[in-house]
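The values are calculated or read from the model by the stated rules, or taken from the named source; none is laboratory data. Please read all numbers here as calculations on a predicted model, not as lab measurements. Please note: Cβ atoms are built from the backbone with ideal geometry, for glycine as well, and neighbour counts cover all protein chains shown. These accessible areas exclude ligands, DNA and RNA; they are computed on the full protein's heavy atoms, side chains included. Shrake-Rupley method; radii C 1.70, N 1.55, O 1.52, S 1.80 Å.
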Amino acid sequence: MNLDRIDLNLLVYLDVLLREGSVTKAAQQLGITQPAMSNGLRRLRDLFNDPLLVRTSDGMTATERARELQPIIRKALGELEVALQPQQEFDARTSNRVFRIMVSDYAESTLVPELVKRLRTDAPDIILDVLTPSDVTFKDVEAGKVDMAINRFDEMPQSFHQTTLWQDDFVCLVNPDHPGIGNFDLPAYLVSKHIWVSKTGMGAGVGIDPEKVIRLGWVDNALAELGHKRKISVFTRHYQMPALLALNNDLVATLPRKVADMQAESASLVVKEPPFKIPPFELKMAWSPLVQHHPAHRWLRRTIVDVAQYC
């Protein structure tokens, strides 16, 4: 039987006919004429090759085939009714939904702790699965396997929706005993040894070539425009590391301000303005059009945007 050739309204007719046991009552309930209902019954009999309802001394009586069909048709129509109803608003306080978000290490250090704190209050049973950029690809996000990606993006699929969570600039994190602390100018910066933290993109990571400045990111590109190059002693992919490494008094970590401020306070380090101009960057949240209108996803996006204002 080819479903494309079936008028699904006939299933509604059959459901009402079997429930009412009367062509007249079924027509009244559906708001159609009795001849139209009779015509529908004839088409149903042709469709199922069975009389479905026959006249007996007790009135119209369902055949054995009709009794077999009745719970199947009722279930199918019930599920269809649910599917076609407007989606209910998402109730975060009672939901145990799992949200999967891809975040850069920078976002995990700054945004995620505050987000988790908010969820513990507003949605205590929600589960957050935090993935790294090397765990997923844009295709995973586009297919809705991952709810959203939060990162600094050089590019992303044009189909994605996106919003900027905040803008951040760069500062330097140094030991109070660093020899250049008193006059932290460009020569002092260049003579120092440096800690590099990755500008994390999507996909599996690869090793760093210190000679390829163009791949090192904002800080080194800004220096290269001035005709300079810093001496990088440590390459790391984790924003938790610079504070520990900068305890060495000959190392300088040039970091986004939000990370540096947090780490300076906990590690008794000093935050210095860089002695050259480094362009700021934007932290963005991106998601697939497949989840754009889902109530739970809309709630999470609103929550993240609100939390980002206080980070």
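Listed values, structure above:
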read-out	value
Any hit, the range 46-57, residues being modelled with pLDDT of 90 or more, within 25 Å of residue 293 (Cβ to Cβ) and not aromatic (Phe, Trp, Tyr)	no
Failed criterion for residue 286 (all others in (1) at pLDDT below 95; (2) in contact with a Phe, Trp or Tyr (Cβ under 7 Å, 6 or more places away or on another chain); (3) closer than 25 Å to residue 305 by Cα; (4) not basic (Lys, Arg) hold)	(1)
Selection from the range 96-116 of residues that are out of contact with any Cys (no Cβ under 8 Å at 6 or more places or on another chain) and charged (D, E, K, R)	97, 100, 105, 108
Pairs with Cβ under 7 Å, 6+ apart, first in the range 238-260 and within 21 Å of residue 132 (Cα to Cα) and open to solvent by 70 Å² or more (accessible area, probe 1.4 Å), second assigned to a helix (DSSP H, G or I) and acidic (Asp, Glu)	238/105
In the range 117-141, the residues that are assigned to a helix (DSSP H, G or I), without any contact (Cβ under 8 Å) to a residue 60 or more places away in the chain and crowded, with 16+ Cβ neighbours inside 10 Å	140
Close pairs (7 angstrom Cβ cut-off, 6 or more residues apart or separate chains): charged (D, E, K, R) in the range 77-90, modelled with pLDDT of 70 or more anywhere	89/295
Enumerated strands (runs of 3 or more DSSP E) restricted to the range 1-110, each holding at least 3 residues that are more than 30 Å from residue 143 (Cα to Cα) and either open to solvent by 20 Å² or more (accessible area, probe 1.4 Å) or of a type in the set (Gly, Ala, Ser) (or both)	53-56, 59-62
Subset of the range 151-193 that is free of Cβ contacts under 8 Å to residues at least 12 places away in the same chain and in a loop (DSSP other than H, G, I, E, B) - its residue that is least open to solvent (accessible area, probe 1.4 Å)	155
Residue match in the range 145-156 (condition: in contact with a Ser or Thr (Cβ under 7 Å, 6 or more places away or on another chain) and small (Gly, Ala, Ser))	no
Residue match in the range 81-93 (condition: within 17 Å of the chain's Cα centre (by Cα), closer than 28 Å to residue 236 by Cα and of a type outside the set (Lys, Arg))	no
Extreme residue, farthest from residue 189 (Cα to Cα), among residues of the range 266-311 that are open to solvent by less than 60 Å² (accessible area, probe 1.4 Å) and aromatic (Phe, Trp, Tyr)	299
